[in-house]
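Engineer: Supplied in C-alpha cells, the structure appears directly below.
The values are calculated or read from the model by the stated rules, or taken from the named source; none is laboratory data. Please read all numbers here as calculations on a predicted model, not as lab measurements. Ideal geometry is used to build each Cβ from the backbone, glycine not excepted, and the neighbour counts take in all protein chains shown.
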Amino acid sequence: MKFSITSITKWVSIVVLILVVIVTLFPVVWMALSSVKSKEEIFRAPPTWAPETFTSRHYEDLFTRFHFVRLTVNSIIIAVGVTVISVVIGSMAAYGFSRYSFRGSGMLLIFILLARMITPAALVIPLYTLMRTLGLLDTMISIIIGITIMNLPFVIWIMKAFFDSAPKDVEEAAEVDGMSPFRTFWKIVIPMAMPAIATVVLFSFVTAWVDFLFGISFSTTPQSMPLTVGISNMQTGYEIYWGPMMAAGVYLTLPTLVLAFLLQKYFIKGLTMGY
Amino acid sequence: MKVYLEKVTKKFGKTTAVDNITLETKNKDFLVLLGPSGCGKTTTLRLIAGLETPDSGNIYIGDTLVNDVSPKDRNIAMVFQSYALYPHMKSYDNISLTLKIRKVPKEEIRERVHNVAELLKIEELLDRKPGQLSGGQRQRVALARALVREPTVFLMDEPLSNLDAKLRIHMRAELKKMHRKLGITTIFVTHDQAEAMALAERIAIINQGTLQQVGSPKEVYDNPANAFVGGFIGSPPMNVWDGEIVEENGKLKIDTSFFRYPLSSNLKENTTSTVTLGVRPEDVIIAKEKELNGIKAKVDVIEPMGRDLVATLVIGGVAMKMVVPSDKPLRVGDKLKIKFKKERLHIFEKEGCLLNPR
C-alpha cells in the first residue's frame with residue numbers, strides 16, 4: 001500500500017489532534033464523573049472510572065451550603081455587564097479607528113494593545129487602591145471595571161479587523177440616503193457586524209464568567225462574590241470539599257459550553273476574519 | 001438640473017486621481033464617464049456625490065456651489081457597483097429608508113415605493129432581503145432606492161458590470177428608456193466603451209485623471225481628439241502606427257517602419273513630422289492587385305462575427321485588424337493588398353492631438 005505525503009500528513013495530524021483532545025478533556029471528564037460519586041468513592045484507591053453509586057448530593061450542597069443562588073446571580077450580572085460594556089464601547093472605538101484616521105491613531109491602537117500585555121496581576125494592586133478610594137470595594141461594579149479593562153483591547157482589535165475588511169459602500173449609500181454617522185453605525189454597521197459581535201460576545205462572556213483574580217481581589221462577601229471565588233472558598237483550613245468542588249466545576253462550565261455550541265459558527269468566522 | 005465641475009483636482013497622497021477637470025452636463029443629460037480602470041472616473045463621480053472633497057476647484061449642481069454641502073443635502077441619488085443594499089433589510093425597507101429619514105408621511109412612502117416598484121417590475125420582491133435576490137433583481141432594487149428620492153441628479157458607478165452579458169444588454173435598454181421617461185440628469189461611469197456608446201447622449205473620456213474629450217458617441221467615434229480616444233473607443237480597436245510625415249514628389253506621405261502611405265493635404269500647418277496614424281478596422285479595404293499604393297498583407301486569423309468578419313492581418317511582422325462583410329472570400333494564409341479609406345485616416349501628433357480635423 002502506498003502513502004502519499006498528503007495522506008501521511010493528514011493521518012499524523014489526526015493522531016496529534018486526538019491526543020490533544022484526550023489531554024484536554026481528561027480532567028473535564030474526570031471532574032464530571034467525580035461530581036456524581038460519593039465522597040468515599042472519590043478517594044478510593046485504585047480509583048473507579050464510572051461511578052458505582054450515583055449521587056446528586058454535591059449539587060444540592062452547592063445551593064444549600066455554599067450560597068450558589070446568590071453567587072450565580074452575581075456571576076451573571078458581572079458577565080453580562082462586562083459583555084455589554086465591552087461590546088458597546090469596543091465596537092464604537094474600533095469603528096472610529098477603522099473609519100477615521102487622526103493624528104496618533106496608530107500609536108493609540110498600540111497603547112491599547114499594551115494594556116492587554118500587562119499581566120492582570122500587576123494591575124490588581126493599583127486598581128484595588130483606586131476602588132478603595134472610590135468606595136467600590138466589595139461591589140460588582142469594581143469587578144466589572146477590572147475585567148473590562150483587560151477585555152476591551154481584544155474586543156477593539158477583533159472589531160477593527162472586521163470593520164477594516166467590511167466594504168464601505170453600504171455606509172456610503174446610507175450617507176447619500178441621508179443617515180447621520182451615528183445612526184448609520186447603529187442601524188447599518190452593527191447589524192452587518194453580527195459575526196464579529198458574536199465572537200466578542202462569547203469571548204467577553206467567557207472571560208468574565210471564569211475570572212477569578214478580580215473577583216477574589218475586590219469581593220469579600222457573598223454580596224458581590226462570583227462563582228469562581230465561591231469555589232475557592234470550598235477549600236478551608238479544616239476541610240477541602242472535593243465533591244461540591246467537582247460539582248461546582250461542572251456547573252460553572254455548562255453555560256460557556258452551551259454558548260460556545262450556539263455561537264461556534266460565528267466564533268470561527270469571527271476569529272479567522274481577514275485570513 | 002446641470003452639473004458643472006470647474007477645474008476640479010483630487011489627490012490621494014502623491015497620486016492625482018482627478019487632474020484639473022472642467023466638465024459640464026446639459027440639463028436632462030445622459031453623460032457617460034468612460035476610461036480605463038484607475039483613470040479617475042469613479043473619483044469624479046464620488047466628488048459629485050460628495051463622498052470625496054476636492055483639493056481644488058468647484059462643483060456646482062444647478063446654480064448651487066456644493067463643495068461644502070453634505071451628500072444627503074445635494075439631492076443626488078447614487079447606484080453603486082456592488083449595489084450596496086442594506087443586507088439585513090427587506091427590499092421595501094431598503095427602498096423606503098431614505099424617505100423615512102426625511103420624515104415623509106407613511107402613506108406617501110408606501111405609494112412612492114409601490115410606484116417605483118411597479119416601474120422597475122419588482123413588486124413581488126419587496127418582501128425579500130438582498131440575499132434572496134439574483135444579481136439583476138438586486139440591481140433593480142438599488143435603482144429603485146435611488147429613484148424613489150426623485151433626485152435631481154442620478155449618479156451610477158458601473159451599475160451593470162456585475163450582471164451577465166445578456167442581462168447587461170437588456171438593462172442598458174431599460175436604463176435608456178427610464179432616462180427618457182423621467183428626464184433626470186444622469187452621470188454614468190463605465191470602463192466598457194460599448195456600454196458607453198449604447199447609453200450615452202454624451203461621452204466624457206478620461207485618462208490618467210485628465211479629461212480627453214467630451215462629445216456625442218458619434219463625435220468621439222468619428223473624430224477622436226487624440227490617439228488615446230481613438231484607441232479606446234471602438235471594437236476591435238483602432239490600428240495605430242507611429243510614423244513620420246515626409247514629402248515625396250511634392251506629395252505628403254506618412255512613413256511608418258512598415259509601409260508608406262499617401263495623405264490628403266488638409267493637415268494643419270507647422271505639423272511636426274513625428275506622428276501617429278490611426279485607421280479603424282472598418283476603414284481598411286481590400287485593394288486591387290495592381291493598386292500602386294496598396295500595402296501587402298497576409299491573413300493570419302479570421303474571426304467570423306455573423307454579419308461581419310474580423311481579420312487579423314500581418315504587415316511586415318506586425319498585426320492589424322480589418323473588418324469586412326462576411327461574404328468576402330477570405331482564408332487564412334491569403335496574401336492580399338489593402339488600402340485605407342482616404343477621408344477616414346486619423347493623424348495624431350505625438351502628444352496626442354488630432355491633426356486632420358474634419
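Engineer: Has the stretch A:237-251 got any residue that is within 30 Å of A:S101 (Cβ to Cβ) and among the hydrophobic types (A, V, I, L, M, F, W, C)?
Structural biologist: The answer is no; no qualifying residue exists.
Engineer: Could you please tell me which pairs satisfy a Cβ distance under 7 Å, a separation of 6+ or placement on different chains, a first residue in the stretch A:152-176 that is away from chain B (no Cβ under 14 Å) and on the phi > 0 side of the Ramachandran plot, and a second residue that is outside any helix (DSSP H, G or I) and of a type in the set (S, T, Y)?
Structural biologist: none
Engineer: Looking at the stretch A:33-55 only, could you name the residues that are surrounded by 16 or more Cβ atoms within 10 Å (Cβ to Cβ) and either among the acidic types (D, E) or assigned to a helix (DSSP H, G or I) (or both)?
Structural biologist: A:L33, A:S34, A:E41, A:I42
Engineer: List every residue pair whose Cβ atoms sit under 6 Å apart, with the two residues 6 or more apart in sequence or on different chains, where the first one lies in the stretch B:277-303 and is within 18 Å of B:G316 (Cβ to Cβ) and the second, anywhere, is surrounded by fewer than 21 Cβ atoms within 10 Å (Cβ to Cβ) and of a type in the set (D, E).
Structural biologist: B:V299/B:D334
Engineer: Sticking with this one: Just to check your reading of the model, which residue among A:I112, A:I149, A:I143 is in contact (Cβ under 8 Å) with a residue 12 or more places away in the chain, in contact with a Gly (Cβ under 7 Å, 6 or more places away or on another chain), more than 14 Å from every other protein chain (Cβ to nearest Cβ) and not polar (S, T, N, Q)?
Structural biologist: A:I143
Engineer: State which residue pairs qualify: first residue under 24 Å from B:L34 (Cα atoms) and in contact (Cβ under 8 Å) with a residue 40 or more places away in the chain and inside the stretch B:232-247, second residue outside any helix (DSSP H, G or I) and basic (K, R) in any location, beta carbons under 8 Å apart, and separation of 6 or more residues or different chains.
Structural biologist: Between residues of the stretch B:232-247 that are under 24 Å from B:L34 (Cα atoms) and in contact (Cβ under 8 Å) with a residue 40 or more places away in the chain and residues that are outside any helix (DSSP H, G or I) and basic (K, R), the close pairs are B:G234/B:R280; B:P236/B:K321; B:P237/B:K321; B:M238/B:R280; B:N239/B:R280; B:N239/B:K321.
Engineer: Something else about it: Anything in the stretch B:335-358 that is at pLDDT below 70, out of contact with any helix residue (DSSP H, G or I) (no Cβ under 8 Å at 6 or more places or on another chain) and closer than 14 Å to B:G243 by Cα? List them, or say none.
Structural biologist: B:K350, B:E351, B:L355
Engineer: Looking only at the stretch B:1-25, count every residue that is more than 21 Å from B:G38 (Cα to Cα) and either surrounded by fewer than 16 Cβ atoms within 10 Å (Cβ to Cβ) or in contact with an Asp or Glu (Cβ under 7 Å, 6 or more places away or on another chain) (or both) and tell me the total.
Structural biologist: Adding up the residues that qualify gives 3.
Engineer: Okay, moving on. Does any residue of the stretch B:154-162 turn out to be farther than 25 Å from B:Y60 by Cα and over 19 Å from the mean Cα position of the chain (by Cα)?
Structural biologist: No, the conditions are met nowhere in the stretch B:154-162.
Engineer: Scan (1) assigned to a loop (DSSP other than H, G, I, E, B); (2) at pLDDT 90 or above; (3) within 18 Å of B:N239 (Cα to Cα) for the single condition B:V332 breaks and write down its number.
Structural biologist: Among (1) assigned to a loop (DSSP other than H, G, I, E, B); (2) at pLDDT 90 or above; (3) within 18 Å of B:N239 (Cα to Cα), the lone unmet condition for B:V332 is (3).
Engineer: What number of residues within the stretch B:107-123 satisfy the criterion of being within 30 Å of the chain's Cα centre (by Cα) and in contact (Cβ under 8 Å) with a residue 24 or more places away in the chain?
Structural biologist: The number of residues fulfilling the criteria is 5.
Engineer: Between a first residue in the stretch A:237-256 that is assigned to a loop (DSSP other than H, G, I, E, B) and a second residue that is at pLDDT 90 or above and of a type in the set (D, E), which pairs have beta carbons less than 9 Å apart while being 6 or more apart in sequence or on different chains?
Structural biologist: A:Y241/A:D61
Engineer: Those residues that are surrounded by fewer than 17 Cβ atoms within 10 Å (Cβ to Cβ) and under 15 Å from the mean Cα position of the chain (by Cα), I need them from the stretch A:56-96; list them, please.
Structural biologist: A:I76, A:V80, A:V84
Engineer: Being under 22 Å from A:V200 (Cβ atoms) and either surrounded by fewer than 19 Cβ atoms within 10 Å (Cβ to Cβ) or without any contact (Cβ under 8 Å) to a residue 40 or more places away in the chain (or both) is the requirement here; does A:P126 meet it?
Structural biologist: Spelling it out, it is not the case that A:P126 is under 22 Å from A:V200 (Cβ atoms) and either surrounded by fewer than 19 Cβ atoms within 10 Å (Cβ to Cβ) or without any contact (Cβ under 8 Å) to a residue 40 or more places away in the chain (or both).
Engineer: Given (1) β-branched (V, I, T); (2) farther than 30 Å from A:T221 by Cβ; (3) in a helix (DSSP H, G or I), where does A:T64 come up short, assuming only one miss?
Structural biologist: Tallying (1) β-branched (V, I, T); (2) farther than 30 Å from A:T221 by Cβ; (3) in a helix (DSSP H, G or I), A:T64 fails exactly one: (2).
Engineer: With respect to B:I109, is the statement that it is within 14 Å of chain A (Cβ to nearest Cβ) and touching a Lys or Arg at 6+ places or on another chain (Cβ under 7 Å) true?
Structural biologist: For B:I109, the condition - within 14 Å of chain A (Cβ to nearest Cβ) and touching a Lys or Arg at 6+ places or on another chain (Cβ under 7 Å) - is met.
Engineer: Of the residues that sit in the stretch B:141-153 and are at pLDDT 90 or above and of a type outside the set (A, V, I, L, M, F, W, C), which one is surrounded by the fewest Cβ atoms within 10 Å (Cβ to Cβ)?
Structural biologist: B:T152
Engineer: Just for the stretch A:177-206: of the residues that are among the β-branched types (V, I, T) and closer than 30 Å to A:S75 by Cβ, which one is farthest from the other protein chains (Cβ to nearest Cβ)?
Structural biologist: Within the stretch A:177-206, the subset among the β-branched types (V, I, T) is A:184, A:188-190, A:197, A:199-201, A:206.
In the following step, the residues that additionally are closer than 30 Å to A:S75 by Cβ were identified as A:190, A:197, A:199-201, A:206.
Working: A:I190: 10, A:I197: 13, A:T199: 18, A:V200: 18, A:V201: 17, A:V206: 26 Å.
Checked the stretch A:177-206; the qualifying residue farthest from the other protein chains (Cβ to nearest Cβ) is A:V206.
Engineer: Tally the residues that are at pLDDT below 90 and either basic (K, R) or within 21 Å of B:V214 (Cβ to Cβ) (or both), restricting the search to the stretch B:154-171.
Structural biologist: Number of matching residues: 2.
Engineer: Inspect the stretch A:167-180 for any residue being within 17 Å of A:G90 (Cβ to Cβ) and more than 18 Å from the chain's Cα centre (by Cα) and give the result as yes or no.
Structural biologist: no
Engineer: Does any residue in the stretch A:217-230 that is touching a residue at least 12 places away in the same chain (Cβ under 8 Å) come within less than 7 Å, Cβ to Cβ, of a residue that is among the polar types (S, T, N, Q) and part of a helix (DSSP H, G or I) six or more places away or on a different chain, and which pairs are these?
Structural biologist: So the pair list comes out as A:F218/A:S142; A:S224/A:N74; A:M225/A:N74; A:P226/A:N74; A:P226/A:S75; A:L227/A:T72; A:L227/A:S75.
Engineer: When you scan the stretch B:50-106, how many residues do you find that are away from chain A (no Cβ under 14 Å) and either touching a Phe, Trp or Tyr at 6+ places or on another chain (Cβ under 7 Å) or not small (G, A, S) (or both)?
Structural biologist: Going through the stretch B:50-106 one residue at a time, the tally reaches 13.
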